[in-house]
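Below you'll find the structure, written out as structure tokens, and then a few comments.
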Amino acid sequence: QQKFYAEKYRPQFHFSPEKMWMNDPNGMVYYDGEYHLFYQHYPDDNVWGPMHWGHAISRDLVHWQHQPVALYPDSLGMIFSGSAVVDWKNTSGLGSANKPPLVAIYTIHNREDEEAGRNDFQSQGVAYSQDKGRTWIKYANNPVLKNPGIRDFRDPKVTWFADSEKWIMTLAVQDRVEFYSSPNLIDWTKESEFGSSLGAHGGVWECPDLFEMKVKGSDENVWVLLVSINPGGPNGGSATQYFLGDFDGSEFTTEQSETKWLDYGRDNYAGVTWSDIPEADGRRLFIGWMSNWSYATAVPTEKWRSATTIPRELILEKVNNEYVLTSVPVTELEIIRDEGIELPSQVVSGQIQLETANIEPMRSEMKFSFQLKNDSQNDGPEEFGIVLKNNRGEDFKIGYLSTESMFYTDRSNGGLDSFSDNFAGKHSAEYRAGETMEIHLFIDEASVEVFVDGGLLVFTDIVFPTEPYNKVELFAKNGSMKLQKCEVWSLKSIWEP
Ligand code: FRU
């Protein structure tokens, strides 16, 4: 397969910056047939530094066109994470009635104030575009929301709340989320606080998102609050939790007592959803930063650092009386399927190597359906899974341990890991398998994304094999199972002209 951007570990179907540093995705908004993706970017080095908003545009959510840097640091400070909306009614007055402006709301981070020991160095600012996001003008009277004296006061995610005809800003404030409202994106009033005594608190709260969803297959509506947290994730470092409840335009309430996680891998952070997806589409589209602050600045790439996850649709499901926010790859990704094969169904016991013909596992999509109990005599294997291997003895394992009801991914022997003490390891989540299990994999040059049973459970992990994985093995220990269906596709590079 031909590679575009042929550097080692350069993702071929994930978005990555052309060069230098990237972290959080920012300001995702859909307008006039275009998906915008902005991102935390330092164009002068491959580690974190003075933050800018990088920019890319896609017409299909899959192929991206790099754009010039959208927002540069200014005399007020650096440009931290935030969101963007279409101001359809020109409530801000920053466009005109027949040409709604795109408005970005972001955190201004003033390093000098921080270094001088002040606590109010983060505030919220606004910028707008009158030319479909191509150029951006900073609002003249920034900041629009001043800091009351709290060190962590950032990552505004703004959405239109139709019932009260107001904009709602969801802001991460230290160990909680605060909600603000505004008629015009400029004047903000504090409404309420949520979360200081709920959910996970192993680290600071960051990059929240708030939206309403219909429960799949019902008329019930639930409000979802995403909150990223660093550190304190279920498998270490950065991760994203979520709360399900109700929002009345002023307060978020929930009956949820347990902590829920969007992803159990180590590499899906600071993800939020697209604004202004047309109602006729109706999907909630999400993308995350495919890295982890535990090692992001040390990963073994030089020209650029880090990528986004594949775009996903979030779907709220009720399973066994429990609500689960599931993630599935967007169907648009099917356009990069190249050659595909379906493997014959077969019984697996012990270890077998899959005959994937000339499809290289390294840039592929694989869909497995397993029948775990293959007859009345057999309770299914105690442990089973999929192993990606190379000729150097390195591997990436995906497995299920039924004796412990535990699903895991394991990159302890995945390849390069000496760049950080926090990288190698096994990641797990408690999970109760039924009689069947579906595992859907997306494997790029340096990542594996695992969607179990239609996204009820997700693991996103980066990995750096010193040579491409070129074999796929299945194993079943102490018992057998049936591989009922297995489809494998090689995927085209999204950068292919
Ligand atoms: C999350 C984060 C945000 C902040 C940005 C700075 O990864 O720490 O809270 O706005 O990165 O780059």
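Just a few scattered comments:
- Matching option when the condition is at pLDDT 95 or above, away from the ligand (no atom under 16 Å from the Cβ) and not charged (D, E, K, R), among Gly245, Gly233: Gly245
- Test: Arg266 is away from the ligand (no atom under 16 Å from the Cβ) and under 30 Å from Gln12 (Cβ atoms): no
- Residue, farthest from Asp267 (Cα to Cα), within the range 16-73, restricted to residues that are charged (D, E, K, R) and part of a strand (DSSP E or B): Glu34
- Scanning the range 1-60 for residues that are acidic (Asp, Glu) and on the phi > 0 side of the Ramachandran plot yields a total of 1.
- Selection of first residues in the range 207-232 that are outside any strand (DSSP E or B) and of second residues that are among the hydrophobic types (A, V, I, L, M, F, W, C) and more than 13 Å from the ligand (Cβ to nearest atom), restricted to Cβ pairs under 7 Å at least 6 apart or on distinct chains, gives the following pairs, ordered by first then second residue: Lys216/Ile315; Lys216/Leu316; Gly232/Ala200.
- Test result for Ile57, β-branched (Val, Ile, Thr), within 16 Å of the ligand (Cβ to nearest atom) and either surrounded by fewer than 21 Cβ atoms within 10 Å (Cβ to Cβ) or more than 20 Å from the chain's Cα centre (by Cα) (or both): no
- Residue within the range 146-160 that is touching a Gly at 6+ places or on another chain (Cβ under 8 Å), acidic (Asp, Glu) and either closer than 16 Å to Tyr242 by Cα or buried (at least 23 other Cβ atoms within 10 Å of the Cβ) (or both) present: yes
- Selection over the range 16-35 of residues that are away from the ligand (no atom under 15 Å from the Cβ) and not hydrophobic (A, V, I, L, M, F, W, C) gives a count of 9.
- From Ser192, Ser228, Ser182, residue being surrounded by fewer than 19 Cβ atoms within 10 Å (Cβ to Cβ) and not hydrophobic (A, V, I, L, M, F, W, C): Ser192
- Filter result (more than 25 Å from the chain's Cα centre (by Cα), of a type outside the set (Ser, Thr, Tyr) and under 23 Å from Pro25 (Cα atoms)) within the range 101-134: Pro101, Asn110, Arg111, Phe121, Gln130, Asp131
- Residue list for the range 6-16, filter: of a type outside the set (Lys, Arg), over 16 Å from the mean Cα position of the chain (by Cα) and crowded, with 16+ Cβ neighbours inside 10 Å: Tyr9, Gln12
- Selection status of Glu220, closer than 22 Å to Gly82 by Cα and among the acidic types (Asp, Glu): no
- Any hit, the range 314-336, residues being over 26 Å from Asp219 (Cα atoms), among the basic types (Lys, Arg) and under 26 Å from the mean Cα position of the chain (by Cα): no
- Here Phe13 fulfils each of the conditions (1) in a strand (DSSP E or B); (2) away from the ligand (no atom under 16 Å from the Cβ) apart from (1).
- Set Gly203, Gly282, Gly288: member being of a type in the set (Gly, Ala, Ser), crowded, with 19+ Cβ neighbours inside 10 Å and either within 16 Å of the ligand (Cβ to nearest atom) or free of Cβ contacts under 8 Å to residues at least 60 places away in the same chain (or both): Gly288
- Residue within the range 36-48 that is of a type in the set (Phe, Trp, Tyr), surrounded by fewer than 22 Cβ atoms within 10 Å (Cβ to Cβ) and more than 15 Å from the ligand (Cβ to nearest atom) present: no
- Test result for Val272, within 16 Å of Val227 (Cβ to Cβ) and either away from the ligand (no atom under 14 Å from the Cβ) or assigned to a strand (DSSP E or B) (or both): yes
- Counted as qualifying within the range 74-180 are the strands (runs of 3 or more DSSP E) with 2 or more residues that are within 16 Å of the ligand (Cβ to nearest atom), under 19 Å from Leu225 (Cα atoms) and among the hydrophobic types (A, V, I, L, M, F, W, C), namely 166-173.
- Some residue of the range 431-446 being surrounded by fewer than 20 Cβ atoms within 10 Å (Cβ to Cβ), within 23 Å of the chain's Cα centre (by Cα), small (Gly, Ala, Ser) and within 22 Å of Gly237 (Cβ to Cβ): no
- In the range 4-33, the residues that are of a type in the set (Val, Ile, Thr) form Cβ pairs under 6 Å with partners that are surrounded by fewer than 23 Cβ atoms within 10 Å (Cβ to Cβ), at six or more places apart or across chains, as follows: Val29/Asp276.
The values are calculated or read from the model by the stated rules, or taken from the named source; none is laboratory data. In this text, all values refer to a predicted model and were calculated from it rather than measured experimentally. Here Cβ is always computed from backbone atoms with ideal geometry, including for glycine, and neighbour counts include all displayed protein chains.
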